[in-house]
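Okay, structure first, notes after.
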Amino acid sequence: MKRLEALADALANLNDYANPESEAYRLRNPGLLRAKTLEHLGNATDDCYRIFSCHQAGYKSLIDTLRKQCERYGRSTVSETLAFYGHGNEFAIAGAIDFVRRSLDDRSVGALTELSFFLEYTNA
């Protein structure tokens, strides 16, 4: 498993993506990514959340977005990144950290783990 996928899955979990009644699921947007260009605005809600045609497209976009963040802001922390996505409270951060730890079977991951960590692979 890629470490980046564990982070993306944790974010999707925070967005209640497994719930078919959630906005993230309805929009096929597990990261609740927002439209930031005119190109994306044509396929977005009034609140600027992007709408994807299928799960695969939404998940790939989330992975690509997170990869770019990890490459550009590798010294930023997990907690800062989660806050950027609207999950900056203690409970959400703890839940995401627990999710990543269990996904990777790696107890070393914490709120202060730098994003560069997620650019590597794990044996799990």
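The values are calculated or read from the model by the stated rules, or taken from the named source; none is laboratory data. Keep in mind the model is a prediction, meaning the values are calculated, not measured. Virtual Cβ from ideal backbone geometry, glycine too; neighbours counted across all protein chains shown.
Among the numbered criteria (1) surrounded by 12 or more Cβ atoms within 10 Å (Cβ to Cβ); (2) polar (S, T, N, Q); (3) within 25 Å of Ala24 (Cα to Cα), which one does Ser53 miss?
Result: Ser53 passes all but (1).
If a residue must be in a loop (DSSP other than H, G, I, E, B) and hydroxyl-bearing (Ser, Thr, Tyr), how many such residues does the range 73-124 contain?
From the range 73-124, those in a loop (DSSP other than H, G, I, E, B) are 73-76, 85-89, 105-113, 120, 122-124; that's our starting set.
Restricting the remaining residues to those that are hydroxyl-bearing (Ser, Thr, Tyr) gives 73, 76, 85, 108, 113, 122.
The qualifying residues number 6.
Is it the case that Gly74 is out of contact with any helix residue (DSSP H, G or I) (no Cβ under 8 Å at 6 or more places or on another chain) and either within 19 Å of Leu32 (Cα to Cα) or surrounded by fewer than 17 Cβ atoms within 10 Å (Cβ to Cβ) (or both)?
On the way: out of contact with any helix residue (DSSP H, G or I) (no Cβ under 8 Å at 6 or more places or on another chain): no; either within 19 Å of Leu32 (Cα to Cα) or surrounded by fewer than 17 Cβ atoms within 10 Å (Cβ to Cβ) (or both): yes.
Criteria not met by Gly74.
Just for the range 29-46: of the residues that are assigned to a loop (DSSP other than H, G, I, E, B) and over 24 Å from Ser79 (Cα atoms), which one is modelled with the lowest pLDDT?
Restricting attention to the range 29-46, the residues satisfying the condition of being assigned to a loop (DSSP other than H, G, I, E, B) are 29-33, 35-37, 42-43, 45-46.
The next check asks that each one be over 24 Å from Ser79 (Cα atoms); those that pass are 37, 42-43, 45-46.
Working: Thr37: 73, Gly42: 77, Asn43: 89, Thr45: 90, Asp46: 88.
Looking at the filtered set, the residue picked out is Thr37.
Need the failing condition index for Lys60 against (1) in a helix (DSSP H, G or I); (2) surrounded by 16 or more Cβ atoms within 10 Å (Cβ to Cβ); (3) charged (D, E, K, R), just the number.
All conditions pass for Lys60, except number (2).
Matching residues to (1) aliphatic (A, V, I, L, M); (2) farther than 15 Å from Asp9 by Cα; (3) more than 14 Å from the chain's Cα centre (by Cα):
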position	(1), (2), (3)
Cys70	no, yes, no
Gly74	no, yes, yes
Thr81	no, no, no
Tyr85	no, no, no
Arg107	no, yes, yes
Glu114	no, yes, yes
Phe118	no, no, no
